[in-house]
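For reference, the structure discussed in these notes is given below.
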Amino acid sequence: MRTVRTIAEMRAFVATARASGRSVALVPTMGAFHDGHLALMRAAGAACDEVVVSLFVNPAQFDEAADLAAYPRDGARDAALAREAGVAVLFAPSAEEIYPDGFATTISVGAVAEPLEGAARGPGHFAGVCTVVAKLLNIVAPDVAFFGQKDAQQVAVLRRMVADLDILVRVEDVPTVREPDGLAMSSRNSRLSPAERERAVALFEGLRAAAAAAADGQHDARRLREAAVAAMGARGVEPEYVALVDADTFATVETASQRVVMAVAARVGATRLIDNLLIDVRHPAATG
Ligand code: AMP
């Protein structure tokens, strides 16, 4: 595995791969790898000949300076894990390489980026995500790009961007990888104290309670949200939001009569966590 720091070197690698007819996958990340990241890398390796993983803690998508400063970073460990996962290139550019002096363009996606994480973190969050992902797609020009359902709204926003801007890439999403108790793996979990770690399972328990109610025939969004809030409350966790939304547009739905996502955000101690579950009322067992 090679670690590449410049756009020029990254493009040269991809040009060589293409010249020999090899397909290329891109997995964009911010590092601090866990099994969720590794699942994306494995899916990428199964789909394409060469896997490029980008590792860039994107300052543009952080709404809080303290959150950016506290974001876990361990490049050496990440490189070892990526190598083991069969990654060909770890693309780890500096902030100056991505945002040189004079950088002035922002990509902002409309309605799908506005609720939930867009409202909670401000319009700059998804604009920052979209701008950096568009740059990565232009730099690597992969056949397929892989993202996690853990960040379901992010996938919906990026699919919208790729469609609207005619970017020639297939977007694939990979099911959320969870800890044995159900907590969604996240780089932020490392900030939880042992007591907070126990309470953090509340997000998944809330989602599971709502999914169980839906499977029992309860399709009213307010009731499903109440089921989630009650289950979280039992762990002493109060959600920042619990929402039932269309899986593609992220528009709020009143009734779970279609493919919908229940999305939740909550602070556990000082750490803000998000999670979501696909609730398919026609096939209640199908959850992601
Ligand atoms: P991050 O490094 O947190 O920006 O995440 C990089 C990619 O990994 C994103 O597409 C995330 O959605 C995905 N991801 C993060 N956590 C998980 C998880 N627990 N399961 C699956 N994918 C994940």
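How long are the three semi-axes of the equivalent ellipsoid of the chain, in whole Å, if each is the root of 5 times an eigenvalue of the C-alpha gyration tensor, listed from largest down? Sorted largest first and rounded, they come to 33, 20, 19 Å. Here the ratio of the Cα radius of gyration of the stretch 132-212 to 2.2 N^0.38 Å is 1.38.
Taking every Cα-Cα distance in the stretch 132-277 and sorting them into 5 Å bins from zero, the calculated P(r) comes out as 2, 10, 18, 19, 17, 14, 10, 7, 3, 0 percent.
Each distinct pair of alpha carbons in the stretch 55-145 adds a 1/r term; the inverse of their mean, the Kirkwood radius, is 14.9 Å. Summing Cβ point charges (Lys, Arg +1; Asp, Glu -1) relative to the Cα centre of the stretch 16-96 gives a dipole of roughly 380 debye. Between E84 and R5, the FRET efficiency from the beta-carbon distance, with R0 = 25 Å, is close to 0.75. Once the chain from A251 to R178 is taken as fully extended at 0.36 nm per residue, the excess over their C-alpha distance is 23.7 nm. When both the stretch 53-110 and the stretch 119-183 are represented by their alpha-carbon centers, they are found 14 Å apart. The smallest convex shape that holds all Cα atoms of the stretch 104-162, its convex hull, gives 75 Å³ per residue. A Förster radius of 41 Å, combined with the Cβ-Cβ distance separating A104 from D216, puts the computed FRET efficiency at roughly 0.20.
Using only C-alpha positions, report the orientation-averaged shadow area of the convex hull of the stretch 1-103, nm², one decimal.
Seen from a random direction, the Cα hull of the stretch 1-103 projects 7.1 nm² on average.
How about the stretch 78-153: which chymotrypsin sites (Phe, Trp or Tyr not before Pro) there lie in a loop by DSSP and see at most 16 other Cβ atoms within 10 Å?
Passing both the DSSP loop test and the Cβ count: F103.
We did not get these values from a lab; they are worked out from the coordinates using the rules stated. Note that the coordinates shown come from a computational prediction; the quantities given were computed from them, not determined experimentally. Heads up, the Cβs are rebuilt from the backbone with ideal geometry, glycines too, and the neighbour counts pull from every protein chain shown.
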